[in-house]
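The values are calculated or read from the model by the stated rules, or taken from the named source; none is laboratory data. Fair warning: this is a prediction, and the values are worked out from it, not measured in the lab. Don't worry about glycine lacking a Cβ; one is built from the backbone with ideal geometry, like all the others, and counts go over all protein chains shown. Surface areas here come from the heavy atoms of the whole protein model, side chains and all, with no ligands, DNA or RNA. Shrake-Rupley method; radii C 1.70, N 1.55, O 1.52, S 1.80 Å.
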Amino acid sequence: MTQMLRGAKYLATETDTLKLTESEAEVTFVGRSNSGKSTLINALCEKKNMAHVSKVPGKTRTINVYEVKPYRWIVDLPGYGFAVGSKSGKAEFGPMIEAYLTSRNNLCMVFVILDVVAGPTKLDISMINWLRQHAYLFYIIVNKIDKFGASKLEVRKKEISGQLALAPADIFWISSKNKIQIEPLQKQIAKLLDV
Ligand code: GDP
């Protein structure tokens with residue numbers, strides 16, 4: 001068994017994506033606030049508190065960088081969707097996310113994290129369509145599957161994959177909280193980052 005992502009450490013917080021230095025390889029997580037991004041990053045890296053887990057939606061409005069190995073990064077982007085504190089009151093995935101996605105030379109995968117109960121929201125769909133239109137490599141992760149029992153989950157899997165025009169097997173179905181199906185994702189990220 002390799003170290004996988006266990007060596008990850010907090011590296012930096014930034015609001016201006018242009019101030020981020022170069023990595024050799026990085027993967028990023030996007031998703032609506034409260035989808036469980038912070039919980040997932042902690043689970044993947046086998047940490048308790050590395051990524052801040054918030055009870056207040058929309059609170060994390062910075063780009064947070066975790067270094068798995070020198071110059072090999074996991075990048076947590078601001079959550080979109082809840083417009084808490086936004087002037088317009090409008091939900092949008094925002095300039096910081098777009099600026100990040102369009103400026104990173106060594107970005108090798110975008111992971112879009114969805115909440116199994118909410119399913120793909122309008123914003124998730126516009127994010128995914130944007131990634132498709134711009135030919136990004138991306139995976140969908142559906143989190144919080146512990147919220148459904150086995151038979152209801154099967155139905156939900158069909159609904160969500162249908163909405164995304166994907167096969168259920170092409171999606172990661174996980175529970176960050178109960179650590180269900182975390183390992184396949186750890187392996188995928190370790191491979192992408194070559195750690
Ligand atoms: P973020 O805003 O996307 O970073 O989300 P957080 O990681 O802060 O999680 C938001 C809320 O969802 C917290 O109350 C978490 O405990 C909860 N949560 C995260 N992952 C799971 C999961 O897999 N299952 C359940 N039931 N709750 C989760």
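Quick notes on this one:
- Members of 122/144; 122/152; 48/158; 47/122; 19/147 lying beyond 28 Å, as alpha-carbon distances in this model show: 48/158; 47/122; 19/147
- Heavy-atom accessible surface of the chain: percent carbon and sulfur, 1.4 Å: 53
- Theoretical FRET efficiency, 1/(1+(r/R0)^6), r = Cβ-Cβ of residue 18 and residue 159, R0 30 Å, to 0.05: 0.15
- Low-density loop cleavage sites - trypsin sites (Lys or Arg not before Pro) in the range 145-195, where at most 14 other Cβ are within 10 Å (DSSP): 179
- Two-site label geometry, residue 122 and residue 106: point separation in nm, points 7 Å out along Cα→Cβ: 3.9
- Prolate/oblate/rounded label for the range 149-195 (Cα gyration tensor, a/c 1.5): oblate
- Each residue of the range 181-186 was assigned a 3J(HN,Hα) from its phi angle through the Karplus expression (A = 6.51, B = -1.76, C = 1.60, θ = phi - 60°), giving 6, 7, 4, x, 6, 4 Hz with x at Gly and Pro.
- Distant-in-sequence amide H partners of residue 114 (H built 1.01 Å from N, under 5 Å): 141, 142, 143
- Proximal aspartates and glutamates to residue 177, defined as alpha-carbon separation beneath 15 angstrom and excluding residues fewer than eight positions away on the same chain: 46, 115, 146
- Rolling a 1.4 Å probe across the protein heavy atoms gives the chain an accessible surface of 50 Å² per residue.
- Three-way shape label, the chain, alpha-carbon gyration tensor, a/c 1.5: rounded
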